[in-house]
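The values are calculated or read from the model by the stated rules, or taken from the named source; none is laboratory data. Worth saying up front: this structure is predicted, and the values here are computed from it rather than measured. Cβ placement follows ideal geometry from the backbone for every residue including glycine, while neighbour counts extend to all protein chains displayed.
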């Protein structure tokens, strides 16, 4: 075993001493932020942030708050999972917010109910009455197809014209927002069928978020797809020389990101019972921020879905915490900005310390 | 079947008016280690780039493994069995040793297209075997490449070529950037590969290394082969004479 404890040049190597996983740091940050809100709450609000203080309800924790924390980030969280794999592959996707807007409009227009409050739905847009009350599969498939096409175009542009992902997805961001407005000439689409409305009702968005997160956590860790995504983000030339079909893989990565943005759009329009062309504005940046806070390196090659989920939870805690402390939303955004930058600074610092250790 | 692994006939490469490689006739047999030496700009790397299809040759023929070949790209050459260790290594920094060894040809449990499930256990096992075969000592194969020294990286790159039953290994100055001890380790691996009968083409400026490892030395000068020397018939000074142009072998006299 002496061979395994000594490196080249007699350098000793302690196999027990490993670098801590970056997710641990994010988890600690989450705990720290919750603790801060808990303490501030006890001092200023004379109430607990996390724990149940009402006699009328059973249970240790304030379940209502916990539910809201996760519910309010689960829709952007779905986008963030897609964005996570894009960033790991060394790219970026700025189009997801606009894809949400366009998909919500288009999917919703196929999900309109024929009757509203017992009367005929006279405000059904775009399609005549013959096209209302369609089965759930229609808006679902149409919506996901929108994401597939948008993401596919992103991927093809990036992989085959070699333009930077920033530019390709910026173009899609602007164009998809245009489509969202053009689809009904700016008019919102409302009154979905019951089956469509069920997708975003109650805690369903959380279940969908959790399902997507688990699926992609497994895919990134245990499949060839995941391994190649990390490899391309780590060193594209190495990936190419190793025989990975880099262009084809990138198309797949961006297409999946588009489909997940579309899924988020369906859940969002269902939850709000309406679709508007302005939906999803800035979602792409929130999604990127969740990933970055969760330790996904913008240089590519590093990070995990677990990190992004923790990043999303940090987002949720901050929003809930500020509401709980009855602070203005202005402060919320300022603090969010500080946390995003802080997360990247910390990560850089951690990385440089890491590489000095050779 | 002859035991010639690779043979080139009149291999020529012109970059516009620059004749970087002119009529190179070269061959390597099974179990042979051949050094390619020459000054900077003599055409050594150009020669390798034509064989591995990093560039397309101007004219000439390449025979590999008994066939007349015309690889479209480096990947095709690699798939045919020519493994090259480039100076820039082609490793993914954030992946560990087994991931890098099997990059692009992962072992899988279930085939599901791009979503095939990886067989980590088998890859780990094969990695340990591959490292053992080449005598590479890596303290912890779960460590990512970015945390490794230059020597360890070079060892991983070489171990990769050895894990996949290549028919010919080409190394472009594998120890140029390494320290004494790291160089020794890489040389150990080369010895091991050679003793297993792997044909190796080694580009190197290190005379001691070449004399120790190789059976034959081919000298390039100004884009042409000027000498083909058996190790027994030559010595360091003699080789240097060919490299600098003080001497040219008779059969290559027209080249100088």
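Which residues, counting only those in the stretch B:170-184, are in contact with a helix residue (DSSP H, G or I) (Cβ under 7 Å, 6 or more places away or on another chain) and buried (at least 23 other Cβ atoms within 10 Å of the Cβ)?
Across the stretch B:170-184, the qualifying residues are B:170, B:174, B:175.
So, in the stretch B:49-69, exactly how many residues are closer than 20 Å to residue A:240 by Cα and away from chain A (no Cβ under 14 Å)?
4
Quick check, is residue A:296 within 14 Å of chain B (Cβ to nearest Cβ), crowded, with 24+ Cβ neighbours inside 10 Å and under 26 Å from residue A:342 (Cβ atoms)?
Yes, satisfied.
Does residue A:12 count as at pLDDT below 70 and surrounded by 13 or more Cβ atoms within 10 Å (Cβ to Cβ)?
no
Go through B:76, B:27, B:9 for me and flag whichever is in contact (Cβ under 8 Å) with a residue 12 or more places away in the chain, over 23 Å from residue B:226 (Cα atoms) and outside any loop (DSSP other than H, G, I, E, B).
From the options B:76, B:27, B:9, the qualifying one is B:76.
In the list A:152, A:211, which residue meets the criterion of being farther than 17 Å from residue A:92 by Cα and more than 10 Å from chain B (Cβ to nearest Cβ)?
Being farther than 17 Å from residue A:92 by Cα and more than 10 Å from chain B (Cβ to nearest Cβ) holds for just one of A:152, A:211, which is A:211.
Given the criteria free of Cβ contacts under 8 Å to residues at least 60 places away in the same chain, within 14 Å of another protein chain (Cβ to nearest Cβ), touching a helix residue (DSSP H, G or I) at 6+ places or on another chain (Cβ under 8 Å) and closer than 18 Å to residue B:201 by Cα, does residue B:92 qualify?
no
Condition first: within 13 Å of chain A (Cβ to nearest Cβ) and under 22 Å from residue B:95 (Cα atoms). Can you find one or more residues in the stretch B:165-177 that meet it?
Taking every residue of the stretch B:165-177 in turn, none turns out to be within 13 Å of chain A (Cβ to nearest Cβ) and under 22 Å from residue B:95 (Cα atoms).
Find all pairs meeting these conditions: Cβ atoms under 8 angstrom apart; at least six residues apart or on different chains; first residue within the stretch A:100-125 and over 30 Å from residue A:172 (Cβ atoms); second residue assigned to a helix (DSSP H, G or I) and at pLDDT below 80.
A:114/A:129; A:120/A:129; A:121/A:129
I'd like to know if the stretch A:191-212 contains one or more residues that are in contact with a strand residue (DSSP E or B) (Cβ under 6 Å, 6 or more places away or on another chain) and more than 30 Å from residue B:124 (Cα to Cα).
yes
Among what's in the stretch A:221-258 and is within 12 Å of chain B (Cβ to nearest Cβ) and over 30 Å from residue B:84 (Cβ atoms), pick the residue that is surrounded by the fewest Cβ atoms within 10 Å (Cβ to Cβ).
Within the stretch A:221-258, the match that is surrounded by the fewest Cβ atoms within 10 Å (Cβ to Cβ) is A:221.
Name the helices (runs of 4 or more DSSP H) wholly inside the stretch A:88-203 in which the number of residues that are surrounded by fewer than 17 Cβ atoms within 10 Å (Cβ to Cβ) is 1 or more.
Once the helices (runs of 4 or more DSSP H) in the stretch A:88-203 are filtered for at least 1 residues that are surrounded by fewer than 17 Cβ atoms within 10 Å (Cβ to Cβ), what remains is A:137-156, A:165-183, A:194-198.
Yes or no: residue B:125 more than 10 Å from chain A (Cβ to nearest Cβ) and within 11 Å of residue B:163 (Cβ to Cβ)?
No: the conditions fail for residue B:125.
Considering B:20, B:35, B:42, which residue is over 26 Å from residue A:245 (Cα atoms) and not in a strand (DSSP E or B)?
Step by step, each of B:20, B:35, B:42 is checked, and only B:42 is over 26 Å from residue A:245 (Cα atoms) and not in a strand (DSSP E or B).
The conditions are (1) assigned to a helix (DSSP H, G or I); (2) crowded, with 16+ Cβ neighbours inside 10 Å; (3) modelled with pLDDT of 85 or more, and residue A:342 fails exactly one of them. Which is it?
Among (1) assigned to a helix (DSSP H, G or I); (2) crowded, with 16+ Cβ neighbours inside 10 Å; (3) modelled with pLDDT of 85 or more, residue A:342 violates only (2).
Regarding residue B:82, is this residue within 9 Å of chain A (Cβ to nearest Cβ), touching a residue at least 40 places away in the same chain (Cβ under 8 Å) and surrounded by 21 or more Cβ atoms within 10 Å (Cβ to Cβ)?
no
From A:261, A:275, A:265, grab the single residue that is more than 14 Å from every other protein chain (Cβ to nearest Cβ) and over 18 Å from the mean Cα position of the chain (by Cα).
A:275
Looking only at the stretch A:39-56, count every residue that is modelled with pLDDT under 85 and within 21 Å of residue A:326 (Cβ to Cβ) and tell me the total.
Looking only at that region, the number is 3.
Kindly indicate the residue of the stretch A:237-258 that is at negative phi and in a loop (DSSP other than H, G, I, E, B) and also farthest from the chain's Cα centre (by Cα) among those meeting that condition.
A:242
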